[in-house]
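The values are calculated or read from the model by the stated rules, or taken from the named source; none is laboratory data. Fair warning: this is a prediction, and the values are worked out from it, not measured in the lab. Neighbour counts are summed over all protein chains in view; Cβ atoms, including those assigned to glycine, are modelled from backbone coordinates with ideal geometry.
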Amino acid sequence: MTMPNFLIIGAAKAGTTALYAYLKQHPEIYMSPVKEPNFFAFEGKQPDYIGPGAAEAGTNHSIVNLEDYQALFSGVSQEKAIGEASTMYLYIPETANRINHYIPDAKLIAILRNPIDRAYSHFLHLRRDGREWIGDFLEACQQEEDRINKHWSPAWHYKHVGLYYQQLQHYFEICDRKQIKVLLYEDWKQQPEATIEDIFSFLGVDPQFKPDMSVKHNVSSFVQKNKFLFNFLKNNNPIKSILRPLIPSHIRKPLAAKAYRKNTGQAETLQTSQKQELSLYFKKDILNLQELLKRDLSHWMY
């Protein structure tokens, strides 16, 4: 059965959704039809994370059986590069060994984002989806250890997910450096065409192919204001069941849409003082990462 020969391993909220979409357009690349199958992170055991909405989220519905995972690549024909994208691969410690066991020669792509900006983007993502109701980012970060101890999903591991050196060093220990391409999010944002060409070359496919990169992916620019109104609008409840047959849909749906819009607001910009407060947490990891990657990351520190 076919297995992938490359993986996008993370990080979350660093442009992996866009990269997955652009790679999928290349005629010499086959991407798993399921993004985030998470097989190498959770092989053999379905995760059971908790937290608001975690039970329905994709992480708790990962592909953990080898045959099911191989079936994702049953559509491969003549493609040179066969891949998938699961951001859990960078974060879950056991992943590197599983990848090395099943596909030891696979090429690995990681996109790293300033860990403070990455954490805030993930916070806004959960605020947008009504899964984070602490309005203050630093306060939410203070709850992180307690949430981890209670087995909340990695979606709420705002700070821990950004400790890239801890996560990457094992990959560099067991893999040839030539197998690993580490990109910075800022390069990806500022020079998308050059970056995608570099990735195509790394994967051994035609680097001159130009994917449509006009569509923006996974943007979290607004947040939910009121938890109770959001839950009322989103979920089934007795009141809605009573009102639904009494109010025609051509009246009910526009009213619901208007209420939903009223309950959303523009996300606030993270302040420099907030970044400085978090910077000390990441400083040692960033300094170690600089040495690992041989690249200046001083612009990530405040």
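Looking at Pro52, Pro27, Pro37, which is the one that is within 20 Å of Lys150 (Cβ to Cβ) and either touching a Ser or Thr at 6+ places or on another chain (Cβ under 7 Å) or in contact (Cβ under 8 Å) with a residue 12 or more places away in the chain (or both)? Of Pro52, Pro27, Pro37, the one residue that is within 20 Å of Lys150 (Cβ to Cβ) and either touching a Ser or Thr at 6+ places or on another chain (Cβ under 7 Å) or in contact (Cβ under 8 Å) with a residue 12 or more places away in the chain (or both) is Pro52.
Checking the structure you have, find out if any residue of the stretch 63-70 is surrounded by 15 or more Cβ atoms within 10 Å (Cβ to Cβ) and out of contact with any helix residue (DSSP H, G or I) (no Cβ under 6 Å at 6 or more places or on another chain). Yes, the stretch 63-70 contains a residue that is surrounded by 15 or more Cβ atoms within 10 Å (Cβ to Cβ) and out of contact with any helix residue (DSSP H, G or I) (no Cβ under 6 Å at 6 or more places or on another chain).
Figure legend. Inter-residue proximity from the stretch 126-148: first residues more than 11 Å from Lys159 (Cβ to Cβ) and assigned by TED's automatic domain parsing to the domain that holds Pro115, second residues acidic (Asp, Glu) and not in a helix (DSSP H, G or I), beta-carbon distance below 6 Å, spacing 6+ or different chains. Indicated pairs: Leu126/Glu132. What do you reckon, is Lys189 of a type outside the set (A, V, I, L, M, F, W, C), touching a Gly at 6+ places or on another chain (Cβ under 9 Å), under 26 Å from Lys283 (Cβ atoms) and assigned by TED's automatic domain parsing to the domain that holds Met88? Answer is yes for this residue.
For the subset of the stretch 273-288 comprising residues that are in contact with a helix residue (DSSP H, G or I) (Cβ under 9 Å, 6 or more places away or on another chain) and of a type in the set (S, T, N, Q), which member is farthest from Gln166 (Cα to Cα)? Once the filter is applied, the top-ranked residue is Gln274.
For every residue, the table says whether it meets (1) within 27 Å of Ile196 (Cβ to Cβ); (2) among the β-branched types (Val, Ile, Thr); (3) at pLDDT 95 or above.
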| site | (1), (2), (3) |
| --- | --- |
| Gly44 | no, no, yes |
| Tyr49 | no, no, yes |
| Thr95 | yes, yes, yes |
| Ala106 | yes, no, yes |
| Asn114 | yes, no, yes |
| Glu139 | no, no, yes |
